[in-house]
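Student: The structure under discussion is supplied below as C-alpha cells; questions concerning it will follow.
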Amino acid sequence: MSKRPLKEVLCEKMIELMAKDERVVMVESDLSRSNGTLEVRSHFPDRVFDCGIAEANMVSVAAGLASQGFIPFTTTFTAFSTRRVCDQITLSVSYAKNPVKLIGTDAGLTGELNGGTHISVEDIAVIRGIPGMVIVDVVDEAQLKQVLEDAVLYDGPMYIRMSRKMVEDVYDDSYEFDLFTADLLKEGKDVTVLASGIELPIAKCAVEELAEEGIDAELIGVHTIKPLDAETVLASVAKTRCAVTCENANVVGGLGSAVAETLVRHDPVPVEMIGIPDRFCEVGLLPWLLEQNHMTKDDIKEAVRKVIARK
C-alpha cells in the first residue's frame, strides 16, 4: 500500500513543477480541499484560478490560458472533468489545439460513497472519441510523478485519470516511464494480461497466483489508453494467442475496446474483458464495488482460464 494518498503526491508535484516553470498554472472548480491541492495556492496565489462550481468555464479558462502560452492543469473529480465539460474539451481544447492537461480524480469505482453522480464509468469512452486527446490512467505515486512531468513537456491536450486516495504501489523510484510505451512487467507464453490504473496491482496478484496453477501469463501495464501502444500489444499476443484486459472503467469504449480494435485489425485472437460491465454503480466501498462488478483477482483468474480455453 502507498505511504500517502495520491492527492498529496499531486499537490507536492504541482508545486515542484510550478516552481520550475512559470508557464504552469492550475485552474480549479471549488474542489481544492477534496483534491488536496489547496497548498498550491499558498505557494502561487497568482497562478491558481478557482472558477467555482462551473466546470465548463474552468475548461474554457484553461483553454484561453493555453492559447496565450501557459501550460494549464485543470483539477476536479473525473465525472466533472469529462462528461460535464465534453463540448468545451472538444472545441476549446482539442479542436483548437490548446495543450490543456485535464486531471480527473476519483476515477471509476474509487468514487466509492459519492455514488452515481460521481462514479464516472464512461470517462475514457467519452474522451477516446475526441480527436487528438491523450488518455493516461495512473496507477501509483511513482507513475503519477512522471506522468505530470511528461504532461508539462507534451505539446498537446491530455486527460489524466487517477485515484485521490491510498493505492497499491506497483512501481518504485527506479521506474522509467515512457508516455507512449506500455510496461512489460512479466513475460509469459500462455496469455496476455493487459491492465491499467487500480486494476494493475489486482491483475499482478492474479498473475502470480495463476503461476502456481501452471499458467504462465504475460503482464503488461497499459498506462496510456490513447494512443494505445499497439506494437507492444501485438508482439505479446503473437506469442500467447489470447488476451485479458483489466480496467477501472466501462468495458465499452475503454481499454478493452482499444485492445480489441487493434487486434481485430491486425491479429484477431480471443479476448476477455474485466471492467465495469456497462452499468451504473452502487454506493459502496471499493472492495465491495470490485466484487459487484466482477473486477477482483479471482474474476481475472477466471477470465484467464476462459480465454485460454477459447484458443
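The values are calculated or read from the model by the stated rules, or taken from the named source; none is laboratory data. This structure is a prediction, so every number in the text was calculated from the model and none was measured. Note: ideal-geometry Cβ built from the backbone for every residue, glycine included; neighbour counts use all protein chains shown.
Student: Here are some residues: Ile89, Ile119, Ile135, Ile127. Which one is in contact with a Lys or Arg (Cβ under 6 Å, 6 or more places away or on another chain), farther than 14 Å from Val25 by Cβ, crowded, with 21+ Cβ neighbours inside 10 Å and touching a residue at least 24 places away in the same chain (Cβ under 8 Å)?
Tutor: Among Ile89, Ile119, Ile135, Ile127, only Ile135 is in contact with a Lys or Arg (Cβ under 6 Å, 6 or more places away or on another chain), farther than 14 Å from Val25 by Cβ, crowded, with 21+ Cβ neighbours inside 10 Å and touching a residue at least 24 places away in the same chain (Cβ under 8 Å).
Student: Looking at the range 122-144, which of its residues are β-branched (Val, Ile, Thr), more than 12 Å from the chain's Cα centre (by Cα) and not in a helix (DSSP H, G or I)?
Tutor: Within the range 122-144, just Ile130 meets the criteria.
Student: With respect to Ile103, is the statement that it is assigned to a helix (DSSP H, G or I), under 17 Å from Val136 (Cα atoms) and among the β-branched types (Val, Ile, Thr) true?
Tutor: When the stated conditions are applied, Ile103 does not pass them.
Student: Scan the range 196-209 for residues that are touching a strand residue (DSSP E or B) at 6+ places or on another chain (Cβ under 9 Å), part of a helix (DSSP H, G or I) and not hydrophobic (A, V, I, L, M, F, W, C) and jot them down.
Tutor: Glu199, Pro201, Lys204, Glu208 - these are the residues of the range 196-209 that are touching a strand residue (DSSP E or B) at 6+ places or on another chain (Cβ under 9 Å), part of a helix (DSSP H, G or I) and not hydrophobic (A, V, I, L, M, F, W, C).
Student: Can you pull out every residue in the range 186-201 that is surrounded by fewer than 22 Cβ atoms within 10 Å (Cβ to Cβ) and within 24 Å of Asn293 (Cα to Cα)?
Tutor: Hit for the range 186-201 is Pro201, nothing else.
Student: Shifting gears a bit: Could you check how many residues of the range 281-311 are assigned to a loop (DSSP other than H, G, I, E, B), closer than 19 Å to Glu199 by Cβ and either touching a residue at least 60 places away in the same chain (Cβ under 8 Å) or over 21 Å from the mean Cα position of the chain (by Cα) (or both)?
Tutor: Residues in the range 281-311 being assigned to a loop (DSSP other than H, G, I, E, B), closer than 19 Å to Glu199 by Cβ and either touching a residue at least 60 places away in the same chain (Cβ under 8 Å) or over 21 Å from the mean Cα position of the chain (by Cα) (or both): 7 in total.
Student: A further question follows. Filter the range 261-280 down to residues that are part of a loop (DSSP other than H, G, I, E, B) and touching a residue at least 24 places away in the same chain (Cβ under 8 Å) and give me whichever is farthest from Ile215 (Cα to Cα).
Tutor: Keep residues of the range 261-280 that are part of a loop (DSSP other than H, G, I, E, B), which gives 267-270, 277-280.
Cutting the leftovers down to touching a residue at least 24 places away in the same chain (Cβ under 8 Å) gives us 267, 269-270, 277-280.
On the way: Asp267: 22, Val269: 18, Pro270: 17, Pro277: 26, Asp278: 29, Arg279: 31, Phe280: 33 Å.
Filtering the range 261-280 for residues that are part of a loop (DSSP other than H, G, I, E, B) and touching a residue at least 24 places away in the same chain (Cβ under 8 Å), the one farthest from Ile215 (Cα to Cα) comes out as Phe280.
Student: Output the number of residues of the range 41-63 satisfying the condition of being out of contact with any Cys (no Cβ under 8 Å at 6 or more places or on another chain) and among the polar types (S, T, N, Q).
Tutor: Counting residues in the range 41-63 that are out of contact with any Cys (no Cβ under 8 Å at 6 or more places or on another chain) and among the polar types (S, T, N, Q) gives 2.
Student: Consider Val252 against the criteria (1) closer than 23 Å to Ile130 by Cα; (2) in contact with a strand residue (DSSP E or B) (Cβ under 8 Å, 6 or more places away or on another chain): it satisfies all of them except one. Which criterion is unmet?
Tutor: For Val252, the exception is condition (2).
Student: Among the polar types (S, T, N, Q) and without any contact (Cβ under 8 Å) to a residue 60 or more places away in the chain: is that true of Ser163 in this structure?
Tutor: So Ser163 does not fit the description; no.
Student: Residues in the range 1-24: is at least one within 23 Å of the chain's Cα centre (by Cα), farther than 16 Å from Val61 by Cβ, modelled with pLDDT under 95 and of a type in the set (A, V, I, L, M, F, W, C)?
Tutor: yes
Student: Looking at (1) over 22 Å from Glu112 (Cα atoms); (2) surrounded by fewer than 16 Cβ atoms within 10 Å (Cβ to Cβ), which is the one condition that is false for Val283?
Tutor: (1)
Student: Taking only the range 266-280 into account, find how many residues are over 17 Å from Gly116 (Cα atoms) and either buried (at least 20 other Cβ atoms within 10 Å of the Cβ) or hydrophobic (A, V, I, L, M, F, W, C) (or both).
Tutor: 5
Student: Further question on the same structure: So, in the range 220-241, of the ones that are more than 27 Å from Leu109 (Cα to Cα) and not charged (D, E, K, R), which residue ends up surrounded by the fewest Cβ atoms within 10 Å (Cβ to Cβ)? Let's see the steps before the verdict.
Tutor: Our first condition is that a residue be more than 27 Å from Leu109 (Cα to Cα); within the range 220-241, this holds for 231-232, 234-241.
If we keep only those that are not charged (D, E, K, R) too, we end up with 232, 234-238, 240.
Numbers: Thr232: 17, Leu234: 16, Ala235: 14, Ser236: 21, Val237: 24, Ala238: 12, Thr240: 20.
Looking at the filtered set, the residue picked out is Ala238.
Student: Okay, next question. Residues in the range 152-171: is at least one within 28 Å of Asn35 (Cα to Cα), part of a helix (DSSP H, G or I) and out of contact with any helix residue (DSSP H, G or I) (no Cβ under 9 Å at 6 or more places or on another chain)? It would help to see each step written out before you state the result.
Tutor: From the range 152-171, those within 28 Å of Asn35 (Cα to Cα) are 152-171; that's our starting set.
Cutting the leftovers down to part of a helix (DSSP H, G or I) gives us 152-153.
Checking the rest, the ones that are also out of contact with any helix residue (DSSP H, G or I) (no Cβ under 9 Å at 6 or more places or on another chain) come to 153.
Scanning the range 152-171 turns up at least one residue that is within 28 Å of Asn35 (Cα to Cα), part of a helix (DSSP H, G or I) and out of contact with any helix residue (DSSP H, G or I) (no Cβ under 9 Å at 6 or more places or on another chain).
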